[in-house]
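The values are calculated or read from the model by the stated rules, or taken from the named source; none is laboratory data. These numbers come from a predicted model, not from an experiment. Cβ atoms come from the backbone with ideal geometry, glycine included; neighbour counts cover every protein chain shown. The accessibility values were calculated without ligands, DNA or RNA, using every heavy atom of the protein model including side chains. Shrake-Rupley method; radii C 1.70, N 1.55, O 1.52, S 1.80 Å.
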2 protein chains.
Amino acid sequence: LDTGNLASNLMRGDRRAIAKAITLVENDDPEAARLLRKIGPKLGDAFVLGVTGPPGTGKSSFIDRLVEYYRKKALVVGVVAIDPTSPLTGGALLGDRVRMVDHTMDRGVFIRSMASRGWQGGLSAAVSDVIQILDAAGTDVIIVETVGIGQSDTDIIRVAHAVAVVLMPGMGDDVQASKAGLMEIGDLYVVNKADLPGADELVVDLLSMARDLKGRDPSVLKVCATKREGIDAVVMVLERIRSKLLSSSPSDGGREIRLRSVRGMINELAKKKAFARLGEKSNSVEALAERVVDHRLTIGDAADALLKARWRPRRAGKR
Amino acid sequence: LDTGNLASNLMRGDRRAIAKAITLVENDDPEAARLLRKIGPKLGDAFVLGVTGPPGTGKSSFIDRLVEYYRKKALVVGVVAIDPTSPLTGGALLGDRVRMVDHTMDRGVFIRSMASRGWQGGLSAAVSDVIQILDAAGTDVIIVETVGIGQSDTDIIRVAHAVAVVLMPGMGDDVQASKAGLMEIGDLYVVNKADLPGADELVVDLLSMARDLKGRDPSVLKVCATKREGIDAVVMVLERIRSKLLSSSPSDGGREIRLRSVRGMINELAKKKAFARLGEKSNSVEALAERVVDHRLTIGDAADALLKARWRPRRAGKR
C-alpha cells in the first residue's frame, strides 16, 4: 500500500481513496495511523454535525433534507451513520439507509455506514478518524448519525461541532423523566413528525427545560421532514454555528467550538490506545485470575496489578 | 460510614446492606473499593447467568420463570437489570420491570435496575462489583439482564459464567445476517414466543449455525415463557453448567468457567481505572488541543502525548 499516494488522492477528494482510507480505519490497519499523520496538516474546515435520537423519530429523513440543502449550496457533504444493526437488534436502520439512496448517485455526497459493534471501546476514536479523512478530502459538512442508545453515542457526539437531537410527539413522558441527560447534549432540538398530535406539548416541555440551563440556549424547532416543513429554520440555526466555526474573528467563538471537538477526539483516541494496551495478550491476566479464584487476591488488586504491569504511573510534577 | 459493619451485615444477607453497598458502587464512592476488599474472601459460589437479546423478545418473562424455578429450590436469587431507559430510548424496559414485582415481596429475591448510561466505560466494572456484593451476601444465582445493543452489553456478558440469548420468531433475517457475532456469545439460545409462526425455522437456522462452531456446542431450545412451556429443558442446561461450577473435581471444568469470568472482571475493572486516569482534569488536554487546532500536532500524536503524560509504558522484560 502506497500511503503517500492514497493520501494525495484522498486530498484531491477521490471517492475511491476516501472509501479505501475509511476501510483502513475500520480494519484498524497500522497504515491508518500513517495516513492520518500525512493528512493531518490539511485538516480544519469541515463542519461536523451530530444527529442523534431514538429509533423511529425520522433521523434519516431529517438528514436527507439537510443534505438537499447543503447540496443546493454546492457544498460537499459526508454522512457517517453508526449502524447498531447487529444480530441482536434487527435491521430497521439498514432500511433507513436505503432511503438515502437518492443521494448516492450525487458525487458531492459521501455516505458510509459504520457498525457500532466490535470496537472494544474504540468506536468514537474510529469515527473521529473518519471525520479527519472526510475533512481532508474537502468535505464541507460531515453529518454523524447515531441512535441515542448507550454510552458510546454520547461519546461520539463529543467530537461534533454541533448536535441536533431528533424527537417526535408521543415520547413526552420519557423525555420528562430524564431532563438532565437530554438537555446536556443538544444545541438544537428537532420535534419531527410535528403534524402528529402532541407536537406543541413536546415543544413546550423542551422549551421549559431549556429555560433552566445555565450558559446555554438550545433551539427547539418543529419539523416535518417528509413534507419538507420547518427545515429552513433548522438550517438557519446550523448555518449560524457553521459560520462561527469558519470565522477567523476570535470574538465569534469558532476556536472554542474547534477546541471542544478536538479535545473530544484526543480523549477518545487516548482511551482507545489505553484499551488496546490493556487487551494485549500476556500471561499476567491469566496468573492474576488464578490467584483471584484461589482467594489470594481481590479483583480490585488484580486490576491494579494488571495496570501496573502495563504502565508505570508518572510521578506528580514530572513530565 | 462504617464499612466493616456494612460488610458484616452484607455477608449475613441483610437486604438493606445489599442495597446500600450497591448504591456505593453506583455512586463510585471510594468506600466501595474498601468494602469490596473486605468481602473479597467470601466470594465464589454464586452462579452468574447473563441474559441478553433484542427488545421485545420476552427476556423479563423468561427471567421470571427462571426465578420461579430457583425459588422453588429455595435458592437465593439476584436479578441485575441493565436498563437502557434514557431520554433517548423510552421506557419500555421500565414497564418490563414492573411485571417482576411478583417477586419483590419474596425475601429470597433481590432485584436491582442499573442505568446503562453515564458510566464512561465503567458499566461492566460496576456490574462486576454488584455481582461480588450479591455473591458475598449469599446469593446462589445472579441473573444479569442486558438488552442486546452496543458494545457495553458484550462486555458485561464477559463476566458471566453462562449466557442465554433470548430471540423470537420473525427476526430470522437479521439473525442470519450476522451469524458470527450472535454465535460468539451464547451457551444457550432460547427461541421464546415459540407459539408464533416461524419458530421452527429459527431453531433450524440456529442449529445449523451452531454446527459450524469449533469446540463449542450451544443448546437451542423453544420456550413460551408466558405459558410456562419449555422452561424445564432450559433449566436442565443451566443446572448442568452450575453443577460444573460448584464441583470441586478438576475434570468438570468448573475452574475454567470461574477463570473466564474473573479474567473478564479484572480486564473490565482495569479498563475503568485506566479511563478514570485519562479523565483526570489537567492542563495537558487543553494545551494539546490548542496545538492541534493550530496545525502543529496531529490528533494521534496528541493522544500519544496525553497517554504519556499519565503513564510511562513499562519496558519490555521488566516487571
- request: May I ask you to evaluate 6.51 cos²θ - 1.76 cosθ + 1.60, the Karplus curve with θ = phi - 60°, for each residue of segment A:292-302 and list the ³J(HN,Hα) values in order in whole Hz, giving x for glycine and proline?
  value: 5, 4, 7, 6, 9, 7, 7, 4, x, 5, 5
Cut-off under 5 Å, modelled amide H: who pairs with A:I111 long-range: A:V79
field: Protein heavy-atom accessible area occluded, A/B pair - total, 1.4 Å probe, Å²
entry: 7100
query: Distances from B:K227 to the same residue in each other copy, label points 7 Å out along Cα→Cβ, in nm, shortest first?
result: 4.5
statement: Taking every other residue with Cβ under 12 Å from the Cβ of B:D187 and scoring Lys and Arg +1, Asp and Glu -1, one gets +3
- request: Kindly give the distances from B:R34 to its copy-mates, label point to label point, with each label point 7 Å from Cα along Cα→Cβ, as nm values to one decimal ordered shortest first.
  value: 5.3
field: Centre separation in Å (Cα based) which lies between segment B:229-255 and segment A:200-224
entry: 54
Under the Karplus curve 6.51 cos²θ - 1.76 cosθ + 1.60, θ = phi - 60°, whole-Hz ³J(HN,Hα) for segment B:157-164, x wherever Gly or Pro sits: 4, 4, 8, 7, 7, 8, 10, 9
- prompt: Which whole-number percent gives the relative contact order of segment A:219-287, counting Cα pairs below 8 Å spaced six or more residues apart?
  reply: 13
message: Per-residue Cβ counts within 10 Å, from other chains only, averaged over A:285-292: what number is that?
response: 5
field: Amide proton proximity set for B:V144, modelled H, under 5 Å, gap of 5+
entry: B:L49, B:G50, B:V51, B:V80
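Anything over 30 Å Cα to Cα? Flag those among A:K20/A:K42; A:K193/A:K273; A:K59/B:K272; A:K73/A:K227, in the order listed.
Violating the 30 Å limit, Cα to Cα: A:K193/A:K273; A:K59/B:K272.
Averaged across the residues of A:35-44, what count of C-beta atoms belonging to other chains lies within 10 Å of each residue's C-beta? Numbers along the way, then the final one.
Values: counts 0, 4, 4, 1, 1, 8, 3, 1, 5, 4.
For peptide A:35-44, the averaged partner shielding equals 3.
Give me the accessible area per residue for segment A:185-315, probe 1.4 Å, as a whole number in Å². Don't skip to the end; give the middle numbers.
Numbers: 6620 Å² over 131 residues.
In whole numbers, segment A:185-315 has 51 Å² accessible per residue.
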query: Could you sort A:D129, A:D232, B:D187, A:D252 by accessible area so the largest value comes first, with the probe set to 1.4 Å?
result: A:D232, A:D252, B:D187, A:D129
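Which shape class, rounded, prolate or oblate, goes with segment B:1-89 when its Cα gyration tensor gives a ≥ b ≥ c as root eigenvalues, a/c under 1.5 marks rounded, and past that a/b bigger than b/c marks prolate?
Numbers: a/c = 2.62, a/b = 1.42, b/c = 1.84.
Taking the square roots of the gyration eigenvalues as a ≥ b ≥ c, segment B:1-89 is oblate.
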task: Provide the per-residue ³J(HN,Hα) series for segment A:239-250, in order, calculated from phi with Karplus coefficients 6.51, -1.76, 1.60 and θ = phi - 60°, each as a whole number of Hz, with x at glycine and proline positions.
output: 5, 5, 5, 5, 6, 4, 4, 7, 5, 8, 6, x
query: Measuring from a point 7 Å out along Cα→Cβ, what nm distances, shortest first, does A:D2 have to its partners in the other copies?
result: 7.7
